[in-house]
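Everything below concerns the one structure shown next.
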Amino acid sequence: MKLNCINSILKIFATATLFFSCSSDLDFDQVKDLKLEPAYIANLAYFDVPANELTDNGGNQIVYDSRYFDIFKKQFLRDYLKKAEFDVEINNTIERGFVINMLLLNSQNQILITKTFSVPAYKGSPNVIKYPTEVFENQRLELLKQTERIGFIVLMTSGTPLDENSLGSLKLRSSATTYFEIQ
């Protein structure tokens, strides 16, 4: 019986302590000072063109492709994007050099920004090239926000002609790191 009485007293005491707590005045004005600075990494563009699709007679060849790129139509990006960085990596396993132009185009297909990448011919050793990061801030960022299409022009440099039996490929991988400031 004594054990039941002690258990009952302990239960009442434990329950009573739940009703006593420390508190202070909450300052909801601190929310006005809140500043979020998230960063996101996303794929930007990718292609893998086999050498047998680039047949030619030994001269320069132009391959062009463009894709719709409507990411900047979103109000959130236009309002809070503070910086963007593009990283590009190209792997050439074709015994031929290339020049790749990445074009950022506006809604009227006018070129806003052109970035050129020289790609040496494959010589039997790894030919993966990581190009310097392209940074967009301030005025360049405002220009970037007008982009609605992304295009690529691939120029083949002079060299041994390619045909349907040619080996290798030309791969481009790119990513974008975006930095936001939300207040």
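The values are calculated or read from the model by the stated rules, or taken from the named source; none is laboratory data. Predicted model, so just to flag it, every value in this text is computed and none were measured. Every residue, glycine as well, gets a Cβ built from its backbone with ideal geometry; the counts of neighbours run over all protein chains shown. Accessible surface is based on the protein model in full, side chains and every heavy atom, while ligands, DNA and RNA are left aside. Shrake-Rupley method; radii C 1.70, N 1.55, O 1.52, S 1.80 Å.
Just one of the numbered conditions (1) among the aliphatic types (A, V, I, L, M); (2) over 24 Å from the mean Cα position of the chain (by Cα); (3) open to solvent by 60 Å² or more (accessible area, probe 1.4 Å) is not true of ILE71; which one?
In the conditions (1) among the aliphatic types (A, V, I, L, M); (2) over 24 Å from the mean Cα position of the chain (by Cα); (3) open to solvent by 60 Å² or more (accessible area, probe 1.4 Å), ILE71 misses (2) alone.
Taking only pairs six or more apart or across chains, which ones have beta-carbon atoms under 7 Å, a first residue in the range 107-120 that is in contact (Cβ under 8 Å) with a residue 12 or more places away in the chain and of a type in the set (Ser, Thr, Tyr), and a second residue that is assigned to a loop (DSSP other than H, G, I, E, B) and open to solvent by less than 80 Å² (accessible area, probe 1.4 Å)?
Once the first residue is in contact (Cβ under 8 Å) with a residue 12 or more places away in the chain and of a type in the set (Ser, Thr, Tyr) and sits in the range 107-120, its partners that are assigned to a loop (DSSP other than H, G, I, E, B) and open to solvent by less than 80 Å² (accessible area, probe 1.4 Å) give SER107/GLU148.
Working only within the range 80-114, note down all residues that are among the β-branched types (Val, Ile, Thr) and under 30 Å from GLU181 (Cβ atoms). Reasoning before the result, please.
Narrowing the range 80-114 to residues among the β-branched types (Val, Ile, Thr): 88, 90, 93-94, 99-100, 111, 113-114.
Passing the criteria: VAL88, ILE111, ILE113, THR114.
In the range 138-183, what residues are assigned to a helix (DSSP H, G or I) and either on the phi < 0 side of the Ramachandran plot or surrounded by 16 or more Cβ atoms within 10 Å (Cβ to Cβ) (or both)? Steps first, please.
Within the range 138-183, the first condition is being assigned to a helix (DSSP H, G or I), and the residues that meet it are 138-144.
Matches in the range 138-183: GLN139, ARG140, LEU141, GLU142, LEU143, LEU144.
Yes or no, residue by residue, for (1) open to solvent by 100 Å² or more (accessible area, probe 1.4 Å); (2) basic (Lys, Arg); (3) at pLDDT 75 or above:
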residue	(1), (2), (3)
ASN4	yes, no, no
PRO38	no, no, yes
ASN52	no, no, yes
THR55	no, no, no
GLN61	no, no, no
SER66	no, no, yes
TYR80	no, no, yes
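Suppose we filter the range 107-136 for residues that are more than 18 Å from PHE47 (Cβ to Cβ) and surrounded by fewer than 14 Cβ atoms within 10 Å (Cβ to Cβ); how many remain?
Residues flagged as more than 18 Å from PHE47 (Cβ to Cβ) and surrounded by fewer than 14 Cβ atoms within 10 Å (Cβ to Cβ) within the range 107-136 amount to 13.
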